[in-house]
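**Student:** Okay, here's the structure, questions in a sec.
The values are calculated or read from the model by the stated rules, or taken from the named source; none is laboratory data. Worth saying up front: this structure is predicted, and the values here are computed from it rather than measured. Counting neighbours? That spans all protein chains shown, and the Cβs are built from the backbone with ideal geometry, glycine included. Accessible surface is based on the protein model in full, side chains and every heavy atom, while ligands, DNA and RNA are left aside. Shrake-Rupley method; radii C 1.70, N 1.55, O 1.52, S 1.80 Å.
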Amino acid sequence: MLQVSFIRQNREAVLERLAVKNFFQTELVDEVIALDDERKKLQADFDSTQARVNSASKEIGNLMRQGQKEGAETLKAEVASLKVGIEPLKVKMANVEKGLLDKLLLIPNLPALEVPKGKTPEDNVVVREGGVKPTLAEGALPHWELTTKYKLIDFELGTKITGSGFPVYIGKGAKLQRALVQYFLDFNTAAGYVEYLPPFLVNEESAYGTGQLPDKEGQMYHATADNFYLIPTAEVPVTNVYRDTILKEDELPIKMTAYSPCFRREAGSYGKEVRGLNRLHQFEKVEIIQIVHPDKSYEVLDGMVDHIEKLLQSLELPYRILRLCGGDMSFTSAITYDFEVYSAGQDRWLEVSSVSNFENFQTNRLKCRFKDANGKMLLTHSLNGSALALPRIVAALLENNQAGEGIMLPRVLHSYFGAEWIL
């Protein structure tokens, strides 16, 4: 959530940056400023009235001690009238503050100056590429056929039990999932991230805190009886660890990692683009999150990008890093780098991670602050990244490493999986 004071002081710049995200509801910005004007006026009226109540009450005491009962009674009547008038003022203030908050929640984060203009993924900028695309033998299979051939995943069984997009991992397929999760967590904790195992459902306050609500309400699974939401990413519960928290400056940065299943409705398209593991309603992911000093967040962003790049290099997968254009960024992000791996069986790039700096957009909602050396209260910055999302990693590992006799796993997974090959 943007800060009202920043919007007021930088209206034209705010509108200019929002346009990079193709957000043109300029009336919301002006409505926020108008509601803040009204809130300030009501606050001034309330403060003035409350001050008069306090001073009159003090005067009543003085008059009573001086025996001036008639003057005291007159003031008592004034105080009673003021108190009656202050109640509707409180109600009006609460309504205006709620209206202001509701409007603020609809305005996305401002993209950083480095974010390129654009509307679609085709406008994203390739920052760099790494690894070597494999050359597969004739007759190479896509992963949805490989998972059937080696009895790793049963998509039809998942459809029977729940519905499409809920695969059942079996035998070595389940073991590979577990091996990847453990390897990713070990890789992250070795870099100083503290592991968490959070709840997989969150309350409404947590979903608002990280910006999933109201922006992605229709994309989240909602347990209506308890008003809980199934998490779309571990970012939501883990970042909320520090909701309503005042930190000490020397506690920063805070580095966290977590495994979780992720639940996304992902309503929409069909065909090759979403076939097999390409798009699921339930999948596993390991996340990294940092809460940092605002002066350090872009340095931290570069470090997180490097961390995930090294993780992909260790898996021996060809990859590329993209800086997303404004139109392809999330509601909450100030800047995002996507990681894609090349999947040879499909001859296409698959997104496996997004690394984002939210600056103080989330922490303003979360009220996650710290006191600097001068005792001034400041908002922290928050960042997160996938390290990594499993489904498309598995798709690329299977497709890129298939051979006549089986599937050769990258060296770093041998000890975790307990074998070099899937046979």
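**Student:** Just give me the residues in region 207-222 being open to solvent by less than 10 Å² (accessible area, probe 1.4 Å), of a type in the set (S, T, N, Q) and in a helix (DSSP H, G or I), in sequence order.
**Tutor:** Once the filter is applied, which keeps residues that are open to solvent by less than 10 Å² (accessible area, probe 1.4 Å), of a type in the set (S, T, N, Q) and in a helix (DSSP H, G or I), region 207-222 yields nothing.
**Student:** Within region 276-316, can you find the residues that are more than 26 Å from Asp244 (Cβ to Cβ), among the charged types (D, E, K, R) and not in a strand (DSSP E or B)?
**Tutor:** Arg279, Glu299, Asp302, Asp306, Glu309, Lys310, Glu316
**Student:** Just one of the numbered conditions (1) open to solvent by 10 Å² or more (accessible area, probe 1.4 Å); (2) assigned to a helix (DSSP H, G or I) is not true of Tyr342; which one?
**Tutor:** Only one criterion in (1) open to solvent by 10 Å² or more (accessible area, probe 1.4 Å); (2) assigned to a helix (DSSP H, G or I) is unmet by Tyr342, namely (2).
Conditions tested, residue by residue: (1) open to solvent by 60 Å² or more (accessible area, probe 1.4 Å); (2) without any contact (Cβ under 8 Å) to a residue 24 or more places away in the chain; (3) among the charged types (D, E, K, R); (4) under 26 Å from Ala223 (Cα atoms).
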residue	(1), (2), (3), (4)
Arg265	yes, no, yes, yes
Glu273	yes, yes, yes, no
Leu277	no, no, no, yes
His281	no, no, no, yes
Val286	no, no, no, yes
Val300	no, no, no, no
Pro318	no, no, no, no
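Quick grid of which residues meet (1) modelled with pLDDT under 95; (2) open to solvent by 50 Å² or more (accessible area, probe 1.4 Å); (3) assigned to a helix (DSSP H, G or I):
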{"position": "Thr135", "(1), (2), (3)": "yes, yes, no"}
{"position": "Ala140", "(1), (2), (3)": "yes, no, no"}
{"position": "Glu145", "(1), (2), (3)": "no, yes, yes"}
{"position": "Lys160", "(1), (2), (3)": "no, yes, yes"}
{"position": "Ala174", "(1), (2), (3)": "no, no, yes"}
{"position": "Phe184", "(1), (2), (3)": "no, no, yes"}
{"position": "Thr189", "(1), (2), (3)": "no, yes, yes"}
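**Student:** With (1) open to solvent by 80 Å² or more (accessible area, probe 1.4 Å); (2) without any contact (Cβ under 8 Å) to a residue 12 or more places away in the chain as the list, and Thr26 as the residue in question, which single condition is left unmet?
**Tutor:** (1)
**Student:** Among the numbered criteria (1) outside the structural domain of Pro391 (by TED's automatic domain parsing); (2) over 30 Å from Cys325 (Cβ atoms); (3) of a type outside the set (S, T, N, Q); (4) open to solvent by 40 Å² or more (accessible area, probe 1.4 Å), which one does Asp36 miss?
**Tutor:** Of the numbered conditions (1) outside the structural domain of Pro391 (by TED's automatic domain parsing); (2) over 30 Å from Cys325 (Cβ atoms); (3) of a type outside the set (S, T, N, Q); (4) open to solvent by 40 Å² or more (accessible area, probe 1.4 Å), the odd one out for Asp36 is (4).
**Student:** So Glu359 fits all but one of (1) part of a strand (DSSP E or B); (2) over 14 Å from Val125 (Cβ atoms); (3) not polar (S, T, N, Q); what number is the exception?
**Tutor:** Just one mismatch for Glu359, condition (1).
**Student:** Still on this structure: Which strands (runs of 3 or more DSSP E) sit wholly inside region 374-423 and have at least 2 residues that are at pLDDT 95 or above and more than 17 Å from Ala174 (Cα to Cα)? Outline the logic, then answer.
**Tutor:** Values: elements: 377-379, 381-389, 406-408.
Filter on region 374-423 gives 377-379, 381-389.
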